[in-house]
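Quick notes on the structure that follows.
The values are calculated or read from the model by the stated rules, or taken from the named source; none is laboratory data. Everything numeric here is computed off the predicted structure, so don't read it as measured data. Ideal geometry is used to build each Cβ from the backbone, glycine not excepted, and the neighbour counts take in all protein chains shown.
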Amino acid sequence: MMKTFTERDARPDALAGMTVAVIGYGSQGRAHALNLRDSGIRVITGLRRESPSMNEARNEGLTVMDIDAAVTQADIVMVLVPDEEQARLYRDGIAEYLRPGAYLGFAHGFSVHYGTVTPREDVNVFMVAPKAPGPMVRDEYAAGRGVPCLLAVHRDVSGHTAEVGLAYACAIGGGRAGILQTTFKEETETDLFGEQAVLCGGLSALVSAGFETLVEAGYAPEMAYFECLHEVKLIVDLMYARGIEGMRAGISNTARFGDYTRGSRIIGGTTKTAMRGVLKDIQSGAFAEEWIKEHEAGKPRFNTFMNAWKIHPIESVGKRLRALMPWLCAAAKPTAVPPVSPKWNDDEMKFRVC
Ligand code: NAD
Ligand code: MG
């Protein structure tokens, strides 16, 4: 069982007198900066001079500085820019400005594990990876709770890196839930595998293959969309709250019997063989190398895939059907006026798009 800590295990004064520079103000950056500040920690947000988030961070009452100035003043530097940007940022804007003996933090192990960032020898390196998107990290903290975090130490020069990392995880709310001890290698490889094989790659392929199968067999794309994409959420919500058998307890017996007898015909031995291949590319570094090269070349394949998927029929039918669901429009545009009821046109089969 993984070693799990809570706030009772943290030394309350481990961050006393320390300044944290949070670099980046995206999904994670905003949540970390605000939670740390509300936990009584001195925080500086480090942003590029041209950053569009500058005003947003200032309006939240945060102190915003250029990245080099923020790093110079910090005891802890938390790197919360996209993984593929971290190598250049570390090389040009962090390495030479870090105080001797500073702590360098990450929320994902990619850059350190695959060596795109090689932290200076005198610097302590840890990871605190919340297991939720940034807005949830913030909302849970604000509600007096927290989301579980992973904690890992890559280099411990001071002899205090684990307790500093643990205190950091507590200060963003993780100690109210649970902080699980792992390594940079384990976190990086399982994270990449999960997103490629199951969460993003696997699920998108499963959903679109199901949609295509129904449409190619002559069924209406609207029906295919509802059955193969829209209802994924209902099932995933049940799994998320209750596990797989808990989900099955919440569906009809017909659905449950179909699940037991047909699921392994879809995802069977050949899929697991493919999954092992995907895992091998992650473990060998082949995937990381491919992605870094792709980024350096200006993301040509990335953009080709993106453009091809944008015109997949599941996107156009989805757009029309989502316009029937006002709660989705409200979620996507929190400040927008509530949409008028969508209108159905029998001839064109068109809905008003919000
Ligand atoms: P993001 O894309 O939401 O935000 C990135 C921020 O960095 C933005 O403020 C952007 O303006 C800034 N930025 C972009 N390029 C930059 C550059 N070259 N120099 C300086 N600033 C730059 O990123 P995110 O999703 O918050 O991810 C940050 C880290 O957190 C990553 O390591 C990611 O793997 C990790 N993480 C993300 C999540 C998540 O759910 N989003 C969860 C756990 C861990
Ligand atoms: Mg990931």
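Observations, loosely collected:
- From 163, 187, residue being closer than 25 Å to residue 70 by Cβ and modelled with pLDDT of 95 or more: 163
- Residue count for the range 41-86 under the criterion of being more than 15 Å from residue 20 (Cβ to Cβ), more than 16 Å from ligand 2 (Cβ to nearest atom) and of a type outside the set (Gly, Ala, Ser): the result is 12.
- Any pair with Cβ under 6 angstrom, 6 or more apart, that starts in the range 12-30 at a residue that is touching a residue at least 24 places away in the same chain (Cβ under 8 Å) and ends at one that is charged (D, E, K, R): 14/163; 18/75; 19/42; 19/75
- Within the range 252-267, residues that are under 17 Å from residue 206 (Cα atoms) and acidic (Asp, Glu) sit with their Cβ atoms under 8 Å from residues that are in a helix (DSSP H, G or I) and modelled with pLDDT of 95 or more, at 6+ positions apart or across chains, in these pairs: 259/248.
- For the range 101-152, the set of residues classified as basic (Lys, Arg), part of a loop (DSSP other than H, G, I, E, B) and under 20 Å from the mean Cα position of the chain (by Cα) consists of 131, 145, listed by residue number.
- Exactly one residue among 152, 132, 102 is buried (at least 22 other Cβ atoms within 10 Å of the Cβ), hydrophobic (A, V, I, L, M, F, W, C) and within 16 Å of ligand 2 (Cβ to nearest atom), and that residue is 152.
- In the range 191-222, the residue that is farthest from ligand 2 (Cβ to nearest atom) out of those that are of a type outside the set (A, V, I, L, M, F, W, C) and under 30 Å from residue 130 (Cα atoms) is 208.
- Leading residue by the ranking (nearest to ligand 2 (Cβ to nearest atom)) among those in the range 15-40 that are over 21 Å from residue 100 (Cβ atoms), part of a loop (DSSP other than H, G, I, E, B) and in contact with a strand residue (DSSP E or B) (Cβ under 9 Å, 6 or more places away or on another chain): 24
- Scanning the range 47-67 for residues that are within 30 Å of residue 114 (Cβ to Cβ) and within 11 Å of ligand 1 (Cβ to nearest atom) gives 47, 48, 49, 50, 51, 52, 53, 57, 66, 67.
- Of all residues making up the range 76-109, the number that are of a type in the set (D, E, K, R) and near ligand 1 (Cβ under 10 Å from one of its atoms): 5
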